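The structure appears below as C-alpha cells.
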Amino acid sequence: MRYQISGKQIDIGEALQTHVKTELGASVDKYAGRPTEANVVFSKSGFEFVCEIVVHLSTGLTAQAKAHEAEIYAAFDACCEKMDKQLRRYKRRLKDHHKDRSQPVELIDAGSYILAPMEEGEDDGQPAAAPVIVAETETKIPSLSVGDAVMQMELAHAPVLVFRNEKNSGINVVYRREDGNIGWIDPRGNR
C-alpha cells in the first residue's frame, strides 16, 4: 500500500510516519484485501490536532475518517479507530449480503437512452417538441433491498442507482446528495 503522510502548517517527524504506517497498515490489512493508497493529513485547529485519513481500496470503495484531539498521536489513534470501525462494517455488509441471499440477484431488462441537448426552434424561440435520441442500449435493473442498493452504489462510485425494491417490487432510486448523505426515492404508488 502506498502512503502519503503530510501536515498542513506542521512538520511530521519520522517517528509519527512510522507509527502511522504500522498502525494503519495493520488495521486496513485486517479488513481489506488489497488497499491501494492511504492519504493521511495532519493539521492544527486552535488548540487541537486534526487527523484526516482517506483509504482507497481495490474494490473502488473510498473510506474516510477524521478526528480531533489535544495531542497528535491521540488524534491519529482516534481517527484510525474510526477507520477500523468503518472497514469492519463494510466487510460485514459484504459477508451478510452473500449469506442472506439464497437466490442470485434478479435482473430486469430495461432500455437506456442518451438524449441530445435540447435546442430552441429556429423560428419561434420555443424548445423543440421532442428530444433527439443519440444512442440506445440495453441495461439491467437489479432487484435489491435498499441497503444492498446503497452498498452497490457506493462500490460502483455511481451518483445514482435505479433498482427494483425487493420489499414491494416497485422501482426505487438511491442517490448521493450534495451534503454527502444518501437520498432514497420510493414512489407512493409502490406501497
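See the values below:
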| quantity | calculated |
| --- | --- |
| Burial order of peptide ranges 74-80, 171-177 (average beta-carbon count within 10 Å, highest first) | 74-80, 171-177 |
| R0 of 25 Å, Cβ-Cβ distance TYR175-LYS66: FRET efficiency to nearest 0.05 | 0.60 |
| Contour excess over end-to-end distance, with Cα ends at VAL134 and THR36 and 0.36 nm allotted per residue | 31.5 nm |
| Residues LEU161, LEU16 arranged by fewest to most Cβ contacts within 10 Å | LEU16, LEU161 |
| Estimated FRET transfer efficiency (ASP186, GLU52; beta-carbon r; R0 35 Å; 0.05) | 0.55 |
| Under 22 Å from the Cα of LYS30 - lysines, other chains or at least 8 residues apart | LYS21, LYS66, LYS82, LYS85, LYS91, LYS95, LYS99 |
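Where a number appears in this text, it was derived from the coordinates with a stated rule and is not lab data. Just so it is clear, the model here is predicted, and its values are computed rather than measured. Note that we place each Cβ from the backbone using ideal geometry, even for glycine, and neighbour counts take in every protein chain shown.
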